[in-house]
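This report refers to the structure that appears directly beneath it.
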Amino acid sequence: MNFIIKTIILLLLTNSLFAHESQFSASVEPIQAPKYYINQAEKYFDTLDTYADPKSRPLYASHVIRWEWYPWLFLTGFKDHWMWLDRFVKLYPTKVINRDCRFFKVQPFARCRVTFHYLLSDSYVDIYEEFTFNKSGEMNFIEAWSDLEGRRPMNVEMDYWAEDPKVKRLSTKVPGLGSKKGKINRWHLRKLSKLDKDLKNLKKRLRFTLFYWTKESLRLLIKGHDH
């Protein structure tokens, strides 16, 4: 009988721990002033702007994730050390212009519309991007779309800043982003990925990050971002 009671208690404690560590980003409330989250988003774009202050960099969480929807490369950053590689991206002359970043009381706290101007090809690419933060105010999930018809997660005529809870975004579905450290819970992710194709895609790319990043890079190089 004692063994059964101890087993039940252990299971309850384990489930409680997983539940705590599997909190979602929507459970987090902003702890900073709105300007803080806007500035963090601006600093992120500085890391991709050849002509911005090289010291301007947001406060990343240790396990920050960057996800860029098709036609981009999907998982393009995992953990803060990967984000340092953006300095090499800046070697291709680029300006991030037309910046319009807004604060929202619910996650993602910062949402932006910007244009990437690639100077050598004189091409312009419009991007809609969202930023999620953990309970310490660290940026822990970055999600981007081409700001074009058919690529956005929302209907811009009815919901310009994607405020409808039914908007298709990945950040609010990833377990663990709302926990104390804002770190992804892989155990819960495995369970949820069995029923959600986007989480399944994320799980796959987290496991073999470099392989899929290389594969998508070749695809983008050959087909371009207009396909």
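Brief remarks follow.
- Number of positions in the stretch 128-159 that are small (Gly, Ala, Ser) and under 11 Å from PHE109 (Cβ atoms): 1
- For the stretch 37-57, filtered to residues that are small (Gly, Ala, Ser) and assigned to a loop (DSSP other than H, G, I, E, B), the residue that is nearest to ILE127 (Cα to Cα) is ALA52.
- Taking the stretch 118-160 as the range and being crowded, with 19+ Cβ neighbours inside 10 Å, assigned to a loop (DSSP other than H, G, I, E, B) and either of a type in the set (Gly, Ala, Ser) or without any contact (Cβ under 8 Å) to a residue 12 or more places away in the chain (or both) as the test, no residue passes.
- Subset of the stretch 156-187 [closer than 22 Å to CYS101 by Cα and aromatic (Phe, Trp, Tyr)]: TYR160, TRP161
- Residue in the stretch 4-22 that is modelled with pLDDT under 95, surrounded by 15 or more Cβ atoms within 10 Å (Cβ to Cβ), small (Gly, Ala, Ser) and under 22 Å from the mean Cα position of the chain (by Cα) present: yes
- Test for ARG219: is it of a type outside the set (A, V, I, L, M), at pLDDT 95 or above, assigned to a helix (DSSP H, G or I) and surrounded by fewer than 15 Cβ atoms within 10 Å (Cβ to Cβ): no
- Any hit, the stretch 58-69, residues being under 16 Å from GLN40 (Cβ atoms) and assigned to a loop (DSSP other than H, G, I, E, B): yes
- A single member of THR214, THR172 is in a helix (DSSP H, G or I) and crowded, with 19+ Cβ neighbours inside 10 Å, and it is THR172.
- Subset of the stretch 23-59 that is among the β-branched types (Val, Ile, Thr) and over 17 Å from CYS112 (Cα atoms) - its residue that is surrounded by the fewest Cβ atoms within 10 Å (Cβ to Cβ): ILE31
- Taken together, PHE103, PHE45 contain a single residue that is farther than 23 Å from LYS204 by Cα and more than 15 Å from the chain's Cα centre (by Cα), which is PHE103.
- Taking each residue of the stretch 64-76 that is of a type in the set (Lys, Arg) and looking for partners that are not in a loop (DSSP other than H, G, I, E, B) with beta-carbon atoms closer than 7 Å, six or more apart or interchain, yields ARG66/THR76; ARG66/GLY77; ARG66/ILE142.
The values are calculated or read from the model by the stated rules, or taken from the named source; none is laboratory data. This structure is a prediction, so every number in the text was calculated from the model and none was measured. Reconstructed Cβ throughout: ideal geometry from the backbone, glycine too, with neighbour counts over all protein chains shown.
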